[in-house]
Amino acid sequence: MVAKIITGKSLRGALKYNENKVLEGKADLILASGFAGDIERMNFNQKLQRFENLLMLKPNVKTNTLHISLNFDSSEKITDQTLQKIALTYVEKIGFGDQPFIAYRHHDAAHDHIHLVTTNIQANGNRIDLHNIGANQSEKARKEIEEEFNLIKAQSKQFKPEPGIKAVDIEKVVYGKLPTKRAISNTVNAVTGSYKFTSLAELNAVLKQFNVIADRGTEDSQMFQKNGLIYSLLDKEGNKVGVPIKSSSLYTQPTLPWLQKQFPKHEQSRIKFKPQLKQSIDKVLRSKPADQNAFTTVLKTQGIAAVFRTGVNGQVFGITFVDHKNRTVFNGSDLGKAYSAKAILAAFGQSKSLQTSTKNTQKSTTQTTQPKHEPIQSTHTDTLLANLLKEQYDQPNQPKKKKKRLRI
């Protein structure tokens with residue numbers, strides 16, 4: 001079992017995320033503890049009110065929300081009754097046994113997983129300390145529950161939770177069946193909370209796999225100069241569609257300044273995954289792929305996307321590897337000279353297509369265009385993230401705030 005804990009500042013957002021999943025037929029409410037009356041008959045506001053009654057006891061506490069996902073091996077088929085027992089046992093072991101919480105069983109991934117929503121504000125007005133709750137209380141509880149319920153251990157080689165993010169269904173958005181903001185929010189929050197990237201270009205290498213892109217605008221635009229950022233949907237050809245969403249309007253506020261703080265953290269945490277990625281690429285190269293398409297196709301079967309970067313003249317000037325298994329992103333040159341675009345293309349006689357002019361390459365990087373955009377095939381993307389959670393949520397129906405100039 002893998003437990004992912006998100007501490008947040010919006011209980012409304014966490015609750016709304018799960019309730020929306022229920023409305024979409026992608027989740028079921030399987031358990032509610034600490035609620036008076038029939039939870040099945042309660043509407044969203046009634047459920048929220050139960051939590052808000054506690055939040056009002058300690059209004060100065062900003063981080064007051066716990067959104068937890070418990071993820072199980074894909075081979076385990078667990079009944080609702082067992083999941084209910086696991087949920088009750090888990091919250092008791094992490095010190096939240098007396099807190100109201102709701103458990104939802106999600107059906108949007110190949111493996112069983114449940115989401116728990118609760119608060120750390122107690123009935124006496126005190127707060128439960130959340131510092132290191134994941135590494136301490138949660139990790140201990142996880143191991144004990146694996147033994148108690150005879151689950152496949154997360155640290156064993158058998159464990160395969162098959163996490164996955166689904167590419168945004170553009171047709172559903174275009175025809176109004178899926179709100180644009182929700183579609184973008186779920187994808188961006190899942191990616192930024194799960195993948196290790198060290199630049200905006202690397203982040204976009206991942207986002208494009210799921211039909212989303214982060215955009216700073218042109219260099220002479222006010223948005224670019226003020227470090228603004230918007231997120232847009234992409235169609236199958238890689239063109240932007242629909243209304244772009246300001247980064248500051250999403251629940252986790254994945255703005256450019258926030259992202260830039262994550263880059264150095266990711267630089268260190270991704271290092272241990274570099275040797276494994278190089279070995280996977282070497283194995284494909286030893287099979288002597290006929291061309292660029294064959295190379296990317298074989299890598300894709302291993303959960304790795306090779307994203308060739310091209311300039312405005314159509315010439316390749318770089319390559320980025322997205323390892324969906326370990327959720328890491330590396331430019332080819334970061335892996336070593338043998339993994340640069342020039343070396344990779346040379347392996348199957350396409351080196352002439354490489355952009356060799358440094359001056360032109362640098363100029364092209366600000367106007368990079370993708371080759372014809374294709375979301376990852378269902379073999380991997382459609383089963384690629386639910387427990388990658390930091391799949392955080394929109395904050396609907398919030399009171400309007402004063403507009404801050406140019407904070408996008």
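The values are calculated or read from the model by the stated rules, or taken from the named source; none is laboratory data. Fair warning: this is a prediction, and the values are worked out from it, not measured in the lab. Don't worry about glycine lacking a Cβ; one is built from the backbone with ideal geometry, like all the others, and counts go over all protein chains shown. Ligands, DNA and RNA are stripped out before the accessible areas are found, and what is left, the full protein with its side chains, is counted by its heavy atoms. Shrake-Rupley method; radii C 1.70, N 1.55, O 1.52, S 1.80 Å.
Tabulated values for the structure
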{"quantity": "Any pair with Cβ under 8 angstrom, 6 or more apart, that starts in the range 179-194 at a residue that is within 20 Å of V2 (Cα to Cα) and ends at one that is open to solvent by 40 Å² or more (accessible area, probe 1.4 Å)", "calculated": "N189/K390; A190/K390; T192/K390; G193/K390; S194/R327; S194/K390"}
{"quantity": "Single match in V307, V284, V298, V241 (criterion: outside any loop (DSSP other than H, G, I, E, B), free of Cβ contacts under 8 Å to residues at least 24 places away in the same chain and open to solvent by less than 50 Å² (accessible area, probe 1.4 Å))", "calculated": "V284"}
{"quantity": "Residue within the range 44-65 that is touching a residue at least 12 places away in the same chain (Cβ under 8 Å), part of a strand (DSSP E or B) and either open to solvent by less than 20 Å² (accessible area, probe 1.4 Å) or in contact with a helix residue (DSSP H, G or I) (Cβ under 9 Å, 6 or more places away or on another chain) (or both) present", "calculated": "yes"}
{"quantity": "Residues that are of a type in the set (S, T, N, Q) and surrounded by fewer than 19 Cβ atoms within 10 Å (Cβ to Cβ), drawn from the range 1-42", "calculated": "T7, N20"}
{"quantity": "Number of positions in the range 256-281 that are open to solvent by 30 Å² or more (accessible area, probe 1.4 Å), over 19 Å from the mean Cα position of the chain (by Cα) and in contact (Cβ under 8 Å) with a residue 24 or more places away in the chain", "calculated": "3"}
{"quantity": "Of all residues making up the range 146-196, the number that are at pLDDT below 80 and either assigned to a loop (DSSP other than H, G, I, E, B) or more than 17 Å from the chain's Cα centre (by Cα) (or both)", "calculated": "25"}
{"quantity": "Options Q99, Q81: the member that is in contact (Cβ under 8 Å) with a residue 60 or more places away in the chain and over 27 Å from the mean Cα position of the chain (by Cα)", "calculated": "Q99"}
{"quantity": "G34 of a type in the set (G, A, S), under 25 Å from G125 (Cβ atoms) and touching a strand residue (DSSP E or B) at 6+ places or on another chain (Cβ under 9 Å)", "calculated": "yes"}
{"quantity": "Residue check, L66 at pLDDT below 95, of a type in the set (A, V, I, L, M) and under 26 Å from K143 (Cα atoms)", "calculated": "yes"}
